[in-house]
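**Q** Below: one structure in structure tokens.
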Amino acid sequence: MSPSSSISLTRFLIEAEREGHIQPDLRLLIEVVARACKSISIAVGKGALGGVLGDAGGAGEASINVQGEAQKKLDVLSNDILLEANAWGGHLAALASEEMDHAVRIPEHYPRGRYLLLFDPLDGSSNIDVNISVGTIFSVLRCPDCVDGPKDEDFLQPGTSQVAAGYCTYGPSTMLVLTVGHGTHAFTLDREIGSFMLTTRGMRIPEDTKEFAVNMSNQRHWEAPMQAYVADLLAGKAGPRGKDFNMRWVASMVADVHRILTRGGIFSYPLDAKCAEKGGKLRLMYEANPMALLVEQAGGAASTGRQRMLEVNPTGLHQRVPVFLGSRNEVETAVRYHLERD
Ligand code: AHG
Ligand code: MN
Ligand code: MN
Ligand code: MN
């Protein structure tokens, strides 16, 4: 077996197919998404020279998405790149995105496949204008027998139903992190040959950590269990921890999760008074669920604070959830604070 540095994504996927881990059409779909991410990486990398920074929408009026967020030009461009790349391949029945109100079908003049693709085309887009890492998150589900063409409801499957999940992080290097249910693996884009090359086979998250990721400015708005958990964590109190924690918060979920997959940590975006009535800040179907599968496949844990993330039964395409994920023992500690105080 050659060293992992010379195994391309294409070879990795062919070997996964040979081992029966994925079907040929899922292999082709993942290749299409990876190719689209390379195009997004190029657009993101142009920065101010590409005329792609700043808000979308015409002079004076912002373009507001279904989330109620002002879209960035790169939100829209990344979404368009993924739509165009996936239109003609014949692997998909429909697509859903953070940036689109409802699921969209594959155009009638193209063949339809049996997968559903969900994506956050540009995650962390509030960082794009200040040149901080952003990313793309994707999740693949099987399409139930969609008789009259997929509807939003066909996407409402629990995270355990995902057949593939991944993200691309546009940082100092462009990396694709992927799971097809047999471990979590990292690929680094070799820009000279234009291929993603396997650089970590089998990422593993340390079970304990000394690093936590949360937006502390929301502290006064948190529920009591979260207040108690973080107060004890910061006081180095009790439990097996009894140590000083370090804090990191990039405000790009992809960047924070990539750090945690690489060296451990706990990431949380809990309920707070500002987002409680929406169910949370982060979206279940194309942020929390794909990240939860990647993290679990790397030996970590992912929870809403009260339930395993992958077992949440979705009720809406843009449903929001509280998120705790990362080093298994630390996530279990945070969950214990919630369950013991409910
Ligand atoms: P998106 O840019 O796709 O809308 O996602 C942003 C999310 C996530 O990436 C990040 O963890 C979180 O928003 C940051 O929230 P705050 O700005 O409230 O810290
Ligand atoms: Mn957004
Ligand atoms: Mn996002
Ligand atoms: Mn986004």
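**Q** Can you compute the FRET efficiency between GLU311 and GLU207 using 1/(1 + (r/R0)^6), with r the Cβ-Cβ distance and R0 = 25 Å? Round to the nearest 0.05.
**A** On the way: r = 21 Å, r/R0 = 0.84.
Efficiency for this residue pair is about 0.75.
**Q** Any chance you could give the angle, 0 to 90 degrees and rounded to 10, that helix 253-263 forms with the longest Cα principal axis of the chain?
**A** 70
**Q** If the reach is capped at under 17 angstrom between alpha carbons, list the aspartates and glutamates near LYS151, excluding any in the same chain fewer than eight residues apart.
**A** GLU98, GLU99, ASP101, GLU108
**Q** Under a plain spin-label model, where a point goes 7 Å from the Cα along Cα-to-Cβ, how far apart in nm are ALA48 and SER173?
**A** 2.8
**Q** Report, in debye and to the nearest 20, how large the dipole of the chain comes out about its Cα centre when Lys and Arg carry +1 and Asp and Glu carry -1 on their Cβ.
**A** 840
**Q** Now a separate question. Return the percentage of antiparallel bridges among DSSP beta bridges fully within segment 1-152, rounded to the nearest 5 %. Don't skip to the answer; put the middle values down first.
**A** On the way: 11 of 16 bridges.
Here the share of antiparallel DSSP bridges comes out near 70 percent.
**Q** So what's the angle, to the nearest 10 degrees on a 0 to 90 scale, between helix 24-46 and the longest Cα principal axis of the chain?
**A** Computed tilt is about 80 degrees.
**Q** What net charge do the residues around GLY159 carry, taking every other residue with its C-beta under 10 Å from that of GLY159, with Lys and Arg at +1 and Asp and Glu at -1?
**A** Details: positive: ARG308; negative: GLU296, GLU311.
Residues near GLY159 contribute -1 overall.
**Q** Once the convex hull of the alpha carbons of segment 134-182 is built, what does its volume come to per residue, in cubic angstrom?
**A** On the way: hull volume 4.3 nm³, N = 49.
Roughly 88 Å³ of hull volume per residue.
**Q** Using a Förster distance of 35 Å, how high is the FRET efficiency between GLN23 and VAL66, based on the Cβ-Cβ distance and rounded to 0.05? Could you put the intermediate results ahead of the total?
**A** Details: r = 32 Å, r/R0 = 0.90.
E between GLN23 and VAL66, to the nearest 0.05, is 0.65.
**Q** Let me ask something else. Could you work out how much longer the chain between SER6 and GLU84 gets when fully extended? Use 0.36 nm per residue separation minus the Cα distance between them, nm to one decimal.
**A** Details: separation 78, 0.36 × 78 = 28.08 nm, distance 2.98 nm.
Value of the extension gain: 25.1 nm.
**Q** Select from MET285, MET197, MET253 the residue whose mean-square fluctuation is largest in a Gaussian network model of the chain (Cα-Cα springs shorter than 10 Å).
**A** Per the Cα network of the chain with a 10 Å cutoff, MET197 tops the list.
**Q** How much mean residue ellipticity at 222 nm does the chain get from its helices, if each DSSP H run of length 4 or more adds -39500 (n - 2.57) and you divide by all residues, to the nearest 500 deg cm²/dmol?
**A** Details: 8 runs with 97 residues, N = 342.
The helix-only estimate for the chain comes to -9000 deg cm²/dmol at 222 nm.
**Q** Got a sec? Charge dipole of segment 244-342, +1 on Cβ for Lys and Arg, -1 for Asp and Glu; which of ALA334, MET309, ALA251 is way out at the positive end?
**A** The Cα lying farthest towards the positive end belongs to ALA251.
**Q** Of LYS243/LYS278; LYS46/LYS278; LYS46/LYS281; LYS73/LYS210, which ones are farther than 31 Å apart at the Cα? Write down the numbers at each step before the final one.
**A** On the way: LYS243/LYS278 35 Å; LYS46/LYS278 35 Å; LYS46/LYS281 29 Å; LYS73/LYS210 37 Å.
Check vs 31 Å cut-off fails for LYS243/LYS278; LYS46/LYS278; LYS73/LYS210.
**Q** Based on the mean of other beta carbon atoms within 10 Å per residue, what is the order of 261-272, 303-314, 40-51, 60-71, most packed first? Walk me through the numbers on the way to the answer.
**A** Working: 261-272: 22.8, 303-314: 18.6, 40-51: 15.2, 60-71: 13.3.
Highest to lowest by the protection proxy: 261-272, 303-314, 40-51, 60-71.
**Q** Rank LEU29, LEU116, LEU234 by mean-square fluctuation in a GNM of the chain with C-alpha springs under 10 angstrom and give only the top-ranked residue.
**A** Answer for the Gaussian network model of the chain: LEU234.
**Q** List the GluC sites (Glu not before Pro) within segment 152-216 that fall in a DSSP loop (any state other than H, G, I, E or B) and whose Cβ has at most 11 other Cβ atoms within 10 Å. List each step's numbers first, then the result.
**A** Numbers: sites: GLU153, GLU192, GLU207, GLU211; in loops: GLU192, GLU207.
In loop regions of segment 152-216 (DSSP not H, G, I, E or B), the sparsely surrounded GluC sites (Glu not before Pro) are GLU192.
**Q** Further, regarding this structure: Can you grab the distance from the C-alpha centre of segment 305-340 to the C-alpha centre of segment 1-50, Å, no decimals?
**A** 29
**Q** Taking the number of other C-beta atoms within 10 Å as the exposure measure, put PHE245, PHE212 in order starting with the fewest. Working shown, then result.
**A** Numbers: PHE245 16, PHE212 24.
By the 10 Å Cβ count, ascending, the order reads PHE245, PHE212.
**Q** Relative to the longest principal Cα axis of the chain, at what angle does helix 73-87 sit, 0 to 90 degrees, rounded to 10?
**A** Helix 73-87 sits at roughly 50 degrees to that axis.
**Q** Counting DSSP beta bridges with both partners in the chain, what percentage is antiparallel, nearest 5? Walk me through the numbers on the way to the answer.
**A** Working: 46 of 55 bridges.
In the chain, DSSP labels about 85 percent of beta bridges as antiparallel.
A short reminder: the numbers here are calculations on the coordinates, not readings from a lab. Fair warning: this is a prediction, and the values are worked out from it, not measured in the lab. Please note: Cβ atoms are built from the backbone with ideal geometry, for glycine as well, and neighbour counts cover all protein chains shown.
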